[in-house]
Every structure is written in C-alpha cells, then in structure tokens.
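The values are calculated or read from the model by the stated rules, or taken from the named source; none is laboratory data. Computed from a prediction, not measured in an experiment: that's the story for all the values here. Ideal geometry is used to build each Cβ from the backbone, glycine not excepted, and the neighbour counts take in all protein chains shown. Just the protein is used for accessible areas: all its heavy atoms, side chains included, with ligands, DNA and RNA removed. Shrake-Rupley method; radii C 1.70, N 1.55, O 1.52, S 1.80 Å.
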Amino acid sequence: MSNWLEHSVQIEVNAPIDLVWKLWSDLEKMPSWMKWIESVAILPENQDLSRWKLASGGFEFSWLSRIVNLEKNQIIQWESVDGLPNRGAVRFYDRHESSIVRLSIAYSIPGVLGQLMDNLFLGKIVESTIQADLERFKVYIENL
C-alpha cells in the first residue's frame, strides 16, 4: 500500500517555444538544471525508455521511465515502469516572445514511510525543489 503525492509548478521564460521544447525534449540535458537528477540515459534499443538517477546527500534512487505522450511544443508525459514509482508531464505554452513551462509530477510513498514522515513537509520540500529547478532552467535558457 502506498500514497501518491502530486505537485505542479510553472514558470515563464524569455525564450521561444521551439528552443524551450528542444532543451526539454533532450532528456539527457535535464541534469543541467534539475539539481537532484544526477543522470538520464536514453536506452539505445528503445528511444521511449530512459534510465534516471536521482541523488542528493546520502540517498539515491533510480528508475526506468517510458514516454507515454509526446506532442511537439506541447507536452512530454511519462511514467516509471521500474524502480521509483513516479509519473508526470511537462507542458509548454507559447506566448510568442516567451514560453510557459508547467511541470507536474507524482510519486509514490510506501505506506510505512508515509506513516513515519509528514507528507505535507515532504511535499513542501519537493515542490520548492522543482520550483527551484524551473528557476535554474530559466537562467540556463536565458543565458544561451
């Protein structure tokens, strides 16, 4: 038995949608702006699958993820198929001279772990972390 926690954050960046899409759709670049993502590797035998590694401090998680929906300049949606249970989407909104990036993630917390910790506290940490990731993306893309 597990509990799913979900979070959504967004940011507007001063960059055209084509450039925003190009960077986000190259999953292996994500560690450039996502602090806790140590690596992303696309599987050569199946481009829809990628191996992710999250590491921070003394903990490390990995998972295999599958792209379940990909629409250019609109959405990248995924779900894990092995390892850390998670799913989510990054959506893109064209504002002509700028773009909005909306990141939604959900992850499973095992029941025992959920009982030991305050899910609200964990949620606030995760949400502030992914918002900071989007802030780093904004700096990254605007300094290209």
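Tabulated data
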{"item": "Longest site-free stretch - the chain; sites: GluC sites (Glu not before Pro), DSSP loop, at most 12 other Cβ within 10 Å", "result": "46-96"}
{"item": "Apportionment of accessible area to carbon and sulfur, the chain, percent (1.4 Å)", "result": "52"}
{"item": "Stretch gain in nm, segment GLN131-GLN74, where the contour uses 0.36 nm per residue and the Cα spacing is subtracted", "result": "18.6 nm"}
{"item": "Distance (nanometres) between label positions extended 7 Å along Cα→Cβ at ASN46 and ASP94", "result": "3.2"}
{"item": "Helical mean residue ellipticity (222 nm; -39500 (n - 2.57) per DSSP H run of 4+; nearest 500) of the chain", "result": "-8500 deg cm²/dmol"}
{"item": "The chain: C-alpha gyration tensor shape, a/c 1.5 cut-off, then a/b vs b/c", "result": "prolate"}
{"item": "Overall form of the stretch 1-58 per C-alpha gyration tensor (a/c, 1.5; a/b vs b/c)", "result": "oblate"}
{"item": "Relative contact order of the chain, pairs being alpha-carbon contacts under 8 Å that are 6 or more residues apart, as %", "result": "33"}
{"item": "Label-point gap, in nm, between SER56 and LYS22 - each point 7 angstrom along Cα→Cβ", "result": "3.0"}
{"item": "Folded to 0 to 90 degrees: helix 119-142 orientation relative to the chain principal axis, Cα", "result": "20"}
{"item": "Cα gyration tensor shape for the stretch 72-111, rounded if a/c is under 1.5, else prolate or oblate", "result": "prolate"}
{"item": "Separation of alpha-carbon centers, the stretch 69-94 and the stretch 1-56, rounded to whole Å", "result": "9"}
{"item": "HN-Hα J in Hz across the stretch 55-65 - Karplus 6.51, -1.76, 1.60, θ = phi - 60°, x for Gly and Pro", "result": "8, 7, x, x, 10, 8, 10, 9, 7, 9, 10"}
